[in-house]
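This report refers to the structure that appears directly beneath it.
All of the numbers you see were taken from the coordinates with simple rules; none came from a lab. A quick note: this is a predicted structure, and the numbers were derived from the prediction, not measured. Here the Cβ positions follow ideal geometry from the backbone for every residue, glycine too, while neighbour counts run over all protein chains shown.
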Amino acid sequence: MSLANPKLLCESAYVNGSWVQAQSGEVFSVINPANGECLATVPDMDAEDTALAIRAAEAAWPEWRARTAKERAGILGRWFDLVMHHQEDLARLMTAEQGKPLAEARGEVAYGASFIEWFAEEAKRAYGDVIPGHGRDKRIIVIKQPIGVVAAITPWNFPVAMITRKVAPALAAGCPVVVKPAEDTPLCALALAVLAAEAGVPAGIFNVITCSKARAPEVGEELTTSLIVRKVSFTGSTPVGKLLMRQASGTVKKVSLELGGNAPFIVFDDADLDAAVNGLMASKYRNTGQTCVCANRIYVQSGVYDAFVEKLKIAVSKMVVGAGLDGETHQGPLINQAALDKVKRHISDATTKGAKVVLGGQAHTLGGTFFEPTILTDVTQEMVIASEETFGPVAPLFRFDTEEQAIAMANNTEFGLAAYFYSNDIRRIWHVAEALETGMIGINDGIISTEAAPFGGIKESGLGREGSRYGLDEFMELKYLCLGSM
Ligand code: ADP
């Protein structure tokens, strides 16, 4: 593929400031999901390659943590500038390896970069505390220190933002990082490393090791069991998150997990229906439905159900499906065949149990992993789509009568990442917001992600928060100093 700056397309991993191959010499292919073409090959690294990167990070750490926060902030600020300067190339790379429309990819680069800018600023605000002592001669001081070597394992749905959301706060806190990006989308991670190096991030502080799906378990095991790594930050599926948490328990590492969601989207009788349709379009169909905060279960109150379906149908039928690099599109392909199979399975299970296809419902005529934007009505809690995250462009519409029913159905899941609801009744807004069991809630809003707010889930959707001032704490330890004999 052609980029304005060809050096952003890398076919090596980045360890200790050098561009390297796997010791075995093995590589794997990165595929464009829109046409099946091979974009590049990158090293298929193993546990031993990973251990080398971890040791390099450990060796580089003392010099990095000793720098002033202002020095680290300066380097992060330059990295932010470079990412924004290369926004178009990064967006093209992202659309090529991940499939999202180019406009969305540009948006993600800016969103990803915003974490670098934010944490460059936060680096200088890692304040501690002075606490009144518990004796006349005692003083209590609390300081924050970088936790140490960080391992980050990231998913394919946000190839830039998932890297920066972890790496920027880690670097700001004074920690070195070893990142293992998803096998589907390593190219954006490598391009970010090129720009970080150019910005002045020292060798060994930001390492990217690439590996195939087959090698992910051994690389993951090395990252989570190494005695050197002190923190594991993972975004991905719940089963893998649980496995990594188990593995990390052997050495009691601090763990942050952003796992699956099954977001309810509730439309009450008193809602502004046009606003609710707009919010749902953004929340449901963005990234072909492949985000962990995508609306997955849409609960619509009986009084507005039919009107809502009609309005949604009009909006969805205007969507243009196509390859992101080929012009103006709203929806790209799904990431791979397994994703397509899951979407088909959810739809066929729902229709067998009585759901109706109002729009879409089929693989798209473009072939490959393209799928029609779909609306299902008469969906019930017994269908698989009610309990499993679809991760595709399917909007299943459930009907409810009372507020209590909506809350009970929304909370009837082991997940607790995001929820959305539309209402114009302030009493209801407070009551429902307090009752929903999720870490984030969009109220009369379908897009909630921003670097300024804490992103994260409760229940089995995860641990810890990313972004905001809370995001820095994930990479720091508190140390209490007791000064006696004062
Ligand atoms: P998805 O099903 O959406 O691809 P995964 O949880 O499988 O989600 O993938 C998220 C990240 O976790 C990817 O980087 C992937 O390579 C990695 N991964 C998958 N399995 C393991 C594993 N056993 N150990 C460590 N990392 C893994």
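Values computed for the structure shown
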| read-out | value |
| --- | --- |
| Sorted peptide list for 122-131, 477-486, criterion being average Cβ within 10 angstrom, highest first | 122-131, 477-486 |
| In Hz, Karplus ³J(HN,Hα) per residue of the stretch 167-174 (6.51, -1.76, 1.60; θ = phi - 60°; x = Gly, Pro) | 6, 4, x, 4, 5, 4, 6, x |
| Reciprocal of mean inverse Cα separation for the stretch 148-292 (Kirkwood radius, Å) | 16.6 Å |
| Cα-centred dipole magnitude for the stretch 264-443, charges only on beta-carbon of K, R (+1) and D, E (-1), debye, nearest 20 | 480 debye |
| Principal-axis tilt of helix 216-225 within the chain, Cα atoms, nearest 10 degrees | 50 degrees |
| Rounded to 5, percent antiparallel among DSSP beta bridges of the stretch 264-443 | 15 percent |
| Violating pairs (Cα-Cα greater than 31 angstrom) within the set Lys242/Lys313; Lys180/Lys313; Lys213/Lys284; Lys213/Lys479; Lys254/Lys342 | Lys242/Lys313; Lys180/Lys313; Lys213/Lys479; Lys254/Lys342 |
| Estimated vicinal HN-Hα couplings, Hz - the stretch 6-11 in sequence order (Karplus 6.51, -1.76, 1.60; Gly, Pro = x) | x, 5, 7, 9, 9, 10 |
| Evaluated over the stretch 1-119, the Cα radius of gyration and Dmax, each in Å | 16.7, 48 |
| Summed side-chain charge close to Gly439 - residues other than Gly439 whose Cβ falls under 11 Å, Lys, Arg +1, Asp, Glu -1 | -1 |
| Beta bridge orientation in the chain: antiparallel %, DSSP, nearest 5 | 40 percent |
| Ratio Rg/Rh [Cα only; Rh per Kirkwood] for the stretch 315-398 | 0.97 |
| Which of Cys292, Cys38, Cys188 has the fewest Cβ neighbours within 10 Å, and the rest in rising order | Cys38, Cys292, Cys188 |
| Over the chain: helical MRE at 222 nm, DSSP H runs n ≥ 4 each giving -39500 (n - 2.57), nearest 500 | -12500 deg cm²/dmol |
| Length-normalised contact order of the stretch 1-88 in % [C-alpha pairs under 8 Å, at least 6 apart] | 21 percent |
| Where Rh is the Kirkwood radius over Cα pairs, Rg/Rh for the chain | 0.99 |
| D_trans [Stokes-Einstein, Kirkwood Rh over alpha-carbon pairs] for the stretch 444-486, 20 °C, 1.002 mPa s, µm² s⁻¹ | 164 µm²/s |
| Unit charges at the beta carbon, dipole of the chain: most positive-side option, Val167, Ser485, Phe398 | Ser485 |
| Average Cα contact separation per residue, the stretch 91-248, under 8 Å, 6 or more apart, as relative contact order % | 24 percent |
| Per-residue Cβ neighbour rank within 10 angstrom, fewest leading, Trp19, Trp61, Trp156 | Trp19, Trp61, Trp156 |
| Lys/Arg +1, Asp/Glu -1 at C-beta; the chain dipole; positive extreme among Ser317, Pro146, Ser387 | Pro146 |
| Whole-number percent relative contact order across the stretch 264-443, with pairs defined as alpha carbons under 8 Å at least 6 apart | 28 percent |
| Efficiency of FRET between Asp341 and Leu227 - r from beta-carbon atoms, R0 45 angstrom, step 0.05 | 0.65 |
| Net charge dipole size for the chain [Lys, Arg +1 and Asp, Glu -1 on Cβ; Debye, nearest 20] | 1260 debye |
| Neighbour-count ranking [beta-carbon atoms within 10 angstrom, fewest first] of Ser2, Ser29, Ser256 | Ser2, Ser29, Ser256 |
| Test item: Cα-centred dipole of the stretch 73-168, Lys/Arg +1 and Asp/Glu -1 on Cβ, debye | 520 debye |
| Cα-based equivalent ellipsoid, the stretch 264-443: semi-axes from gyration tensor eigenvalues, Å | 26, 17, 15 |
